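Engineer: Can you keep this structure in mind? I'll have questions shortly.
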Amino acid sequence: MTHSHSNPNIEIPKHLKEIAHISDENFNIPPIHHNERPITRLGSRGIVLNDNGEIAVIHKKAKNEYKLPGGGIDNGEDPREAFRRECREELGYSVIITNELGITIEYKSQENFQQVSFVYEAKVTGQPYRNRLTYKEKAEGAASYDSVYRTKFMVLRDAQILEHYIKTTK
């Protein structure tokens, strides 16, 4: 599998399985066909488990949606480093990556843009880096498989990652 992207130092290993492919059609938007390659952004995200086996989720209040931890890969960063950094920033915890789950591809033909995300499974380690989360936020930061999976407001990409994870680990 070969993808063009903005960071030429990162190669997408052929062994990584595509676990989700999301495009305009998923939202009933007619695709636009382009002659140029899409602009590509690389990301890292995934499933983070606590000691109780609960999955960390982030509530984006402005959009009233839930997402898994993760984000873009900075220049000079490898996908694993990016995922660990994003977990520190978004969750306030260090993580140990325990498994590579695959990749997701999101293609928006309206903008000729795609995002390719490396997807990992990880476990929380140690104490929080900062204590700025309230008790309520900490309590809402993790949930059982079923409660996360059933939310109607989880971003489609992350819902598909979660569905893949549940099917392959239970």
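The values are calculated or read from the model by the stated rules, or taken from the named source; none is laboratory data. Just so it is clear, the structure is predicted and the values come from calculations on it, not from any experiment. For neighbour counting, all protein chains shown are included, and Cβ atoms are generated from backbone atoms with ideal geometry for every residue, glycine included.
Engineer: Which residue pairs have Cβ atoms under 6 Å apart, sit 6 or more places apart or on different chains, and have a first residue in the stretch 13-24 that is over 12 Å from ILE161 (Cβ atoms) and outside any loop (DSSP other than H, G, I, E, B) and a second that is of a type in the set (S, T, N, Q) and modelled with pLDDT of 85 or more?
Structural biologist: So the pair list comes out as ASP24/SER109.
Engineer: OK, next. Can you say whether ASN35 is outside any strand (DSSP E or B), farther than 21 Å from TYR120 by Cα and modelled with pLDDT under 90, as far as the supplied structure shows?
Structural biologist: Values: outside any strand (DSSP E or B): yes; farther than 21 Å from TYR120 by Cα: yes; modelled with pLDDT under 90: yes.
So ASN35 passes the test.
Engineer: Could you grab me the full set of residues in the stretch 54-81 that are farther than 18 Å from GLY126 by Cβ and in contact with a Leu (Cβ under 8 Å, 6 or more places away or on another chain)?
Structural biologist: Selection gives ILE55, VAL57, ILE58, LEU68, GLY72, ILE73, PRO79.
Engineer: Mind telling me which of the residues ILE10, ILE19, ILE55 ends up being at pLDDT below 85, within 18 Å of the chain's Cα centre (by Cα) and surrounded by 14 or more Cβ atoms within 10 Å (Cβ to Cβ)?
Structural biologist: Values: ILE19 fails: at pLDDT below 85; ILE55 fails: at pLDDT below 85.
Sole residue among the options that is at pLDDT below 85, within 18 Å of the chain's Cα centre (by Cα) and surrounded by 14 or more Cβ atoms within 10 Å (Cβ to Cβ): ILE10.
Engineer: When only residues in the stretch 44-91 that are in contact with a helix residue (DSSP H, G or I) (Cβ under 8 Å, 6 or more places away or on another chain), of a type in the set (A, V, I, L, M, F, W, C) and part of a loop (DSSP other than H, G, I, E, B) count, which is nearest to VAL116 (Cα to Cα)?
Structural biologist: Filtering the stretch 44-91 for residues that are in contact with a helix residue (DSSP H, G or I) (Cβ under 8 Å, 6 or more places away or on another chain), of a type in the set (A, V, I, L, M, F, W, C) and part of a loop (DSSP other than H, G, I, E, B), the one nearest to VAL116 (Cα to Cα) comes out as ILE73.
Engineer: So for the stretch 92-107 (the condition being buried (at least 23 other Cβ atoms within 10 Å of the Cβ), outside any strand (DSSP E or B) and free of Cβ contacts under 8 Å to residues at least 60 places away in the same chain), does at least one residue qualify?
Structural biologist: So far as the stretch 92-107 goes, no, none of its residues is buried (at least 23 other Cβ atoms within 10 Å of the Cβ), outside any strand (DSSP E or B) and free of Cβ contacts under 8 Å to residues at least 60 places away in the same chain.
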